[in-house]
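Each remark here refers to the structure printed beneath this line.
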Amino acid sequence: MMVGLFPPSLIPLRRLWRVCKFRLLGLGWPGMLGFGLLLGCAVVASVVLLPATRQLQQMERDVAQLRNGKSQHRGQWIDRSPQAALKAFYRVLPQESSAPKHISAIFNAADASGIDLDKVEYALVREHTAALSRYQVILPVQGTYPDIRRFIIELLNTMPALAINELSFKREDASSPEVEARVRLTIYLGRAS
């Protein structure tokens, strides 16, 4: 049997709604604002904080799982001697036979940066006490300071075995945008032993 618009099972909810509505109206606008903020906090907690808490718990489980299976090399001996570290270092270096590729990369970076390389001096120096060679490159560069800077950054980003030994700038006139620079680089190369 229906009483009004609500079925009998919802009549207690209708009464609860009337009581809550009466109490809220009795609070005035500051109380209603506070109640609204409280509801907003509850929504934020359920939408943002609960998923973040679940994600944190999952990460903590992942960390615990990684700690339990800590060593990938279980039962294997890992050589951590200085000689093994030195061999690993030499393996990372590009081979001496790739030197022409590195010189062409220097020219490509100069072209991409809008710099003309008129004269490039380079020499290969073989170390007798180590299994590496040094390719020393001297570049007289002329261009704007931002172009030269972009050129050097491009070199360092594309060639990890490159080191800048010297970088000097000279400007003929303070108002001139053109800068002359002398760049001395070393490319470290591994030798086949």
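Values in this text are rule-based calculations from the coordinates and carry no lab data. The model shown is predicted, which means the values in this text are computed figures rather than measured ones. For neighbour counting, all protein chains shown are included, and Cβ atoms are generated from backbone atoms with ideal geometry for every residue, glycine included.
A few points about this structure:
- Under the shape rule built on the C-alpha gyration tensor, where the axes satisfy a ≥ b ≥ c, region 108-156 is prolate, since a/c reaches at least 1.5 and a/b is greater than b/c.
- Per-residue Cβ neighbour counts within 10 Å put H128, H102 in the sequence H128, H102, beginning with the fewest.
- Sorted by Cβ neighbour density within 10 Å, fewest at the top, the residues M59, M32, M159: M59, M32, M159
- Nitroxide proxy distance, nm - points 7 Å out along Cα→Cβ at Q58 and A88: 3.3 nm
- Cβ crowding within 10 Å, taken as a proxy for footprinting-reagent exposure, orders S175, S104, S133 from fewest neighbours to most as S175, S104, S133.
- Of interest is the spacing of the C-alpha centroids, which for region 147-182 and region 88-142 amounts to 15 Å.
- Rounded if a/c under 1.5, otherwise prolate or oblate - region 94-190, Cα gyration tensor axes: prolate
- From the coordinates shown, semi-axes √(5λ) of the Cα gyration tensor in Å corresponds to which of (i) 71, 32, 14; (ii) 23, 22, 16; (iii) 44, 16, 14: (i)
- Placing +1 on the Cβ of every Lys and Arg and -1 on the Cβ of every Asp and Glu, with nothing else charged, gives the chain a dipole about its Cα centre of roughly 1800 debye.
- For the chain, the longest principal axis of the alpha carbon atoms and the long axis of helix 99-113 meet at an angle near 60°.
- With Cα atoms, 0 to 90° folded angle of helix 145-158 axis to the chain main axis: 80 degrees
- Relative contact order (percent, whole number), the chain, Cα cutoff 8 Å, 6+ residue spacing: 18 percent
- Cα long-axis angle, helix 50-68 against the chain (0 to 90 degrees, to the nearest 10): 50 degrees
- Restricting region 64-148 to GluC sites (Glu not before Pro) in coil, as DSSP defines it, with at most 15 other Cβ within 10 Å: E127
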